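The values are calculated or read from the model by the stated rules, or taken from the named source; none is laboratory data. Quick caveat: nothing in here was measured; it's all calculated off a predicted structure. Here the Cβ positions follow ideal geometry from the backbone for every residue, glycine too, while neighbour counts run over all protein chains shown.
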Amino acid sequence: MAIQDEAALILKLYDLRREETMRTARDWYAREFNPESMADLEKELAGEHSGHLRMVTSYWEMAAAFVNNGAINLQLFNDTNGEQYLVFGKIEPFLKEIRSAYGPQYLIQLEKLIDATPGGRERVAGMKERMKAMRARLAAAQK
(Lines give C-alpha, C1' and ligand atoms only; values in the text may rest on other atoms or scores of the structure.)
Protein backbone atom coordinates (compact mmCIF):
# COMPACT_ATOMS: atom_id res chain seq x y z
CA MET A 1 0.00 0.00 0.00
CA ALA A 2 1.30 3.47 -0.83
CA ILE A 3 2.19 5.76 2.06
CA GLN A 4 -0.45 8.23 0.82
CA ASP A 5 -3.11 5.53 1.19
CA GLU A 6 -1.91 4.75 4.69
CA ALA A 7 -1.99 8.44 5.57
CA ALA A 8 -5.54 8.71 4.21
CA LEU A 9 -6.61 5.78 6.37
CA ILE A 10 -5.03 7.37 9.45
CA LEU A 11 -6.89 10.60 8.70
CA LYS A 12 -10.14 8.63 8.38
CA LEU A 13 -9.47 6.99 11.74
CA TYR A 14 -8.85 10.46 13.18
CA ASP A 15 -12.17 11.68 11.79
CA LEU A 16 -13.93 8.76 13.46
CA ARG A 17 -12.33 9.73 16.79
CA ARG A 18 -13.77 13.23 16.44
CA GLU A 19 -17.38 12.05 16.03
CA GLU A 20 -19.45 13.44 18.92
CA THR A 21 -20.44 10.17 20.59
CA MET A 22 -16.96 8.78 20.19
CA ARG A 23 -15.42 11.91 21.67
CA THR A 24 -17.76 11.59 24.68
CA ALA A 25 -16.82 7.93 25.02
CA ARG A 26 -13.10 8.68 24.81
CA ASP A 27 -13.38 11.47 27.39
CA TRP A 28 -15.23 9.17 29.78
CA TYR A 29 -12.69 6.38 29.23
CA ALA A 30 -9.70 8.64 29.80
CA ARG A 31 -11.04 10.56 32.79
CA GLU A 32 -13.58 8.44 34.62
CA PHE A 33 -12.92 4.81 33.75
CA ASN A 34 -10.31 3.60 36.22
CA PRO A 35 -11.07 -0.05 37.02
CA GLU A 36 -9.20 -1.61 39.89
CA SER A 37 -10.74 -5.06 39.58
CA MET A 38 -12.63 -7.32 37.22
CA ALA A 39 -15.73 -6.47 39.23
CA ASP A 40 -15.24 -2.77 38.43
CA LEU A 41 -14.95 -3.59 34.75
CA GLU A 42 -18.05 -5.81 34.77
CA LYS A 43 -19.97 -3.07 36.60
CA GLU A 44 -19.18 -0.70 33.74
CA LEU A 45 -20.07 -3.32 31.13
CA ALA A 46 -23.51 -3.61 32.73
CA GLY A 47 -23.90 0.10 33.49
CA GLU A 48 -24.76 3.33 31.74
CA HIS A 49 -21.30 3.61 30.15
CA SER A 50 -21.30 0.13 28.63
CA GLY A 51 -21.62 1.62 25.15
CA HIS A 52 -18.75 4.02 25.79
CA LEU A 53 -16.49 1.23 27.00
CA ARG A 54 -17.32 -0.99 24.06
CA MET A 55 -17.00 1.88 21.57
CA VAL A 56 -13.52 2.87 22.70
CA THR A 57 -12.11 -0.63 22.97
CA SER A 58 -13.61 -1.82 19.69
CA TYR A 59 -12.33 1.29 17.88
CA TRP A 60 -8.75 0.64 19.02
CA GLU A 61 -9.10 -3.08 18.29
CA MET A 62 -10.16 -2.20 14.74
CA ALA A 63 -7.33 0.32 14.29
CA ALA A 64 -4.83 -2.23 15.61
CA ALA A 65 -6.14 -4.85 13.17
CA PHE A 66 -5.45 -2.45 10.30
CA VAL A 67 -1.84 -2.19 11.42
CA ASN A 68 -1.42 -5.88 12.21
CA ASN A 69 -2.72 -6.82 8.77
CA GLY A 70 -0.55 -4.37 6.86
CA ALA A 71 -3.03 -1.61 5.96
CA ILE A 72 -1.01 0.90 8.00
CA ASN A 73 2.70 0.77 8.75
CA LEU A 74 3.44 0.24 12.46
CA GLN A 75 5.88 3.14 12.64
CA LEU A 76 3.51 5.56 10.89
CA PHE A 77 0.64 4.49 13.13
CA ASN A 78 2.66 4.97 16.30
CA ASP A 79 4.03 8.29 15.06
CA THR A 80 0.47 9.61 14.75
CA ASN A 81 -1.28 7.96 17.72
CA GLY A 82 -0.70 7.37 21.41
CA GLU A 83 -4.11 6.84 22.94
CA GLN A 84 -3.87 3.09 22.34
CA TYR A 85 -1.42 2.83 25.24
CA LEU A 86 -3.91 4.43 27.62
CA VAL A 87 -6.74 2.22 26.38
CA PHE A 88 -4.71 -0.95 26.68
CA GLY A 89 -3.23 0.03 30.04
CA LYS A 90 -6.62 0.31 31.70
CA ILE A 91 -7.71 -3.14 30.51
CA GLU A 92 -4.41 -5.02 30.53
CA PRO A 93 -4.43 -6.00 34.24
CA PHE A 94 -7.69 -7.88 33.67
CA LEU A 95 -7.09 -9.37 30.22
CA LYS A 96 -6.69 -12.93 31.43
CA GLU A 97 -9.94 -12.75 33.42
CA ILE A 98 -11.83 -10.98 30.63
CA ARG A 99 -10.71 -13.51 28.06
CA SER A 100 -11.65 -16.36 30.36
CA ALA A 101 -15.11 -14.89 30.93
CA TYR A 102 -15.91 -13.39 27.51
CA GLY A 103 -13.71 -15.10 24.96
CA PRO A 104 -10.03 -15.51 24.13
CA GLN A 105 -10.01 -12.96 21.30
CA TYR A 106 -10.85 -9.90 23.42
CA LEU A 107 -8.44 -7.10 22.45
CA ILE A 108 -6.08 -9.59 20.85
CA GLN A 109 -5.30 -7.20 17.99
CA LEU A 110 -4.53 -4.32 20.34
CA GLU A 111 -2.28 -6.54 22.42
CA LYS A 112 -0.47 -7.71 19.27
CA LEU A 113 0.05 -4.09 18.26
CA ILE A 114 1.44 -3.17 21.68
CA ASP A 115 3.78 -6.17 21.62
CA ALA A 116 4.91 -5.43 18.05
CA THR A 117 5.85 -1.89 19.03
CA PRO A 118 9.43 -1.58 20.27
CA GLY A 119 9.09 -0.64 23.94
CA GLY A 120 5.31 -1.02 23.71
CA ARG A 121 4.78 -2.60 27.11
CA GLU A 122 7.06 0.02 28.65
CA ARG A 123 4.98 2.78 27.04
CA VAL A 124 1.83 1.21 28.53
CA ALA A 125 3.48 1.07 31.98
CA GLY A 126 4.58 4.69 31.68
CA MET A 127 1.11 5.78 30.64
CA LYS A 128 -0.41 3.96 33.63
CA GLU A 129 1.98 5.70 35.99
CA ARG A 130 1.30 9.13 34.49
CA MET A 131 -2.46 8.61 34.74
CA LYS A 132 -2.15 7.40 38.35
CA ALA A 133 -0.09 10.47 39.26
CA MET A 134 -2.57 12.77 37.53
CA ARG A 135 -5.50 11.21 39.44
CA ALA A 136 -3.59 11.68 42.71
CA ARG A 137 -2.89 15.35 41.92
CA LEU A 138 -6.54 15.95 41.04
CA ALA A 139 -7.70 14.24 44.22
CA ALA A 140 -5.30 16.30 46.32
CA ALA A 141 -6.48 19.50 44.66
CA GLN A 142 -10.10 18.67 45.48
CA LYS A 143 -9.35 18.36 49.22
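Here Arg23 passes the criteria (1) under 23 Å from Lys132 (Cα atoms); (2) touching a His at 6+ places or on another chain (Cβ under 9 Å); (3) assigned to a helix (DSSP H, G or I) except the one numbered (2).
Among residues of the stretch 100-114 that are modelled with pLDDT under 95, none has a Cβ under 9 angstrom from a residue that is in a helix (DSSP H, G or I) and surrounded by fewer than 12 Cβ atoms within 10 Å (Cβ to Cβ) at a sequence gap of 6+ or on a separate chain. Listed by position, the helices (runs of 4 or more DSSP H) inside the stretch 65-143 whose residues that are over 12 Å from the mean Cα position of the chain (by Cα) number at least 2 are 74-80, 95-102, 108-116, 120-142. Candidates are the residues of the stretch 29-87 that are of a type in the set (Ser, Thr, Tyr) and in contact with a Lys or Arg (Cβ under 8 Å, 6 or more places away or on another chain); the one that is surrounded by the most Cβ atoms within 10 Å (Cβ to Cβ) is Tyr85. Of these, Leu113, Leu107, which one is in contact with a Leu (Cβ under 7 Å, 6 or more places away or on another chain) and either closer than 18 Å to Gly82 by Cβ or among the charged types (D, E, K, R) (or both)? On inspection, the qualifying residue turns out to be Leu107.
Quick grid of which residues meet (1) among the charged types (D, E, K, R); (2) in contact with a Gly (Cβ under 7 Å, 6 or more places away or on another chain); (3) in contact (Cβ under 8 Å) with a residue 60 or more places away in the chain:
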position: Leu41; (1), (2), (3): no, no, no
position: Arg54; (1), (2), (3): yes, no, no
position: Ser58; (1), (2), (3): no, no, no
position: Asn69; (1), (2), (3): no, no, no
position: Gln75; (1), (2), (3): no, no, no
position: Leu86; (1), (2), (3): no, no, no
position: Lys90; (1), (2), (3): yes, no, yes
position: Pro93; (1), (2), (3): no, no, no
position: Ala125; (1), (2), (3): no, no, no
